[in-house]
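Comments concern the structure below.
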Amino acid sequence: MKYFFYVAGLLLLSLGIALTILSDLGTSPFDALLVGLSFNVGLTVGSWEIIIAAIMIVGNAMLGRQKPELLGIMTAVIVGIGIDFWLHALSTAIAPVGVTSQVLYFTAGLFAVGVGTAIYLHTNFAPIPVDRLTLLVKELAKTNLFYSRTAIYLMFLVLAVVFGGPIGIGTVLTVCFGGLILNAIMPVTAKTLDRVLLPKEPLIR
């Protein structure tokens, strides 16, 4: 059951990323970097998700002074494949037309990213390197998910600008509210999933 929620969370996360990209309103700084690299260098967005993840795994190991979390590659592979799948499926099915549908795509994507991230992180199994970095910064800086997520978003925002990623109002909204949404959703997700994942106490007769 734990691994079901792990994969389901990642697929929901990748759906959210695809929705924000297709909204054409600007996506998160990290995803904007992936799109910029895909457009200017080559390869798919999902491929860059895996490549950047491999680089970050080494960086996270150095920052946390621990062995590289190689299982993070498996997580990145699932998300990378998911992003490419959803981008292809959604762009050929119901691509957004007009501002209203763009806003709906972006809003749905932002919340899907938050819920998907909260679900798979709560399984405590091989987080995506960027999410592991978020948790490391949270612990090292003794802050909460909102501040650590926002700080990391700002770092990737600079890189996204350098590589010509899709920066827009959606990027600003993600920086401002992405960490806040995740910080608010995590406790609710934890409480809900614990009812399913934790073994029930036997009745005393």
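The values are calculated or read from the model by the stated rules, or taken from the named source; none is laboratory data. It should be emphasised that the depicted structure is a prediction, and the values quoted were computed from it without experimental measurement. With ideal geometry, Cβ positions are generated from the backbone for all residues, glycine too; neighbour counts draw on all protein chains shown. Accessible surface is based on the protein model in full, side chains and every heavy atom, while ligands, DNA and RNA are left aside. Shrake-Rupley method; radii C 1.70, N 1.55, O 1.52, S 1.80 Å.
For the chain, the solvent-accessible area with a 1.4 angstrom probe is 52 square angstrom per residue.
Tell me the angle of helix 2-23 to the major Cα principal axis of the chain, expressed in degrees between 0 and 90 and rounded to the nearest ten. Result, in degrees: 20. Think of the range 1-112 as a dipole: +1 on every Lys or Arg Cβ, -1 on every Asp or Glu Cβ, centred on the Cα centre; then among Gly82, Ala112, Leu70, Leu70 lies furthest on the positive end. Amide H contacts of Gly168: Thr27, each under 5 Å away and 5 or more positions distant or on a separate chain (H built 1.01 Å from N in the peptide plane; Pro and chain starts excluded). Per-residue 3J(HN,Hα) values for the range 126-131, derived from phi via the Karplus relation 6.51 cos²θ - 1.76 cosθ + 1.60 with θ = phi - 60°, read 6, x, 4, x, 5, 6 Hz in sequence order (x marks Gly and Pro).
Using the rule -39500 (n - 2.57) for each DSSP H run of four or more residues, divided by the residues of the chain, the 222 nm mean residue ellipticity is -27000 deg cm²/dmol.
Between the Cα long axis of helix 29-40 and the first principal axis of the chain there is an angle of about 40°, rounded to the nearest 10. Could you please state, rounded to a whole Å, how far the C-alpha centre of the range 120-173 is from the C-alpha centre of the range 11-50? A separation of 14 Å, based on Cα centres.
Packing order of peptides 3-10, 140-147, 103-110, highest average first: 103-110, 3-10, 140-147 (average count of other Cβ atoms within 10 Å over each peptide's residues).
Rounded to whole numbers, the Karplus 3J(HN,Hα) couplings from phi for the range 47-56 are 5, 5, 4, 6, 5, 5, 4, 4, 5, 5 Hz, using 6.51 cos²θ - 1.76 cosθ + 1.60 with θ = phi - 60°, and x at Gly and Pro.
What a 1.4 Å probe finds exposed on the chain is 73% carbon and sulfur by accessible area, rounded to a whole percent. A crude spin-label estimate for the pair Leu180 and Ile94, with each label 7 Å from Cα along the Cβ direction, gives 2.8 nm. In this simple spin-label approximation, Val103 and Arg65 carry label points 7 Å from Cα along the Cα→Cβ vector, and these lie 5.0 nm apart.
Counting only residues at least eight positions apart within a chain, or on another chain, the aspartates and glutamates with an alpha carbon under 20 Å from that of Lys67 are Asp131, Glu139.
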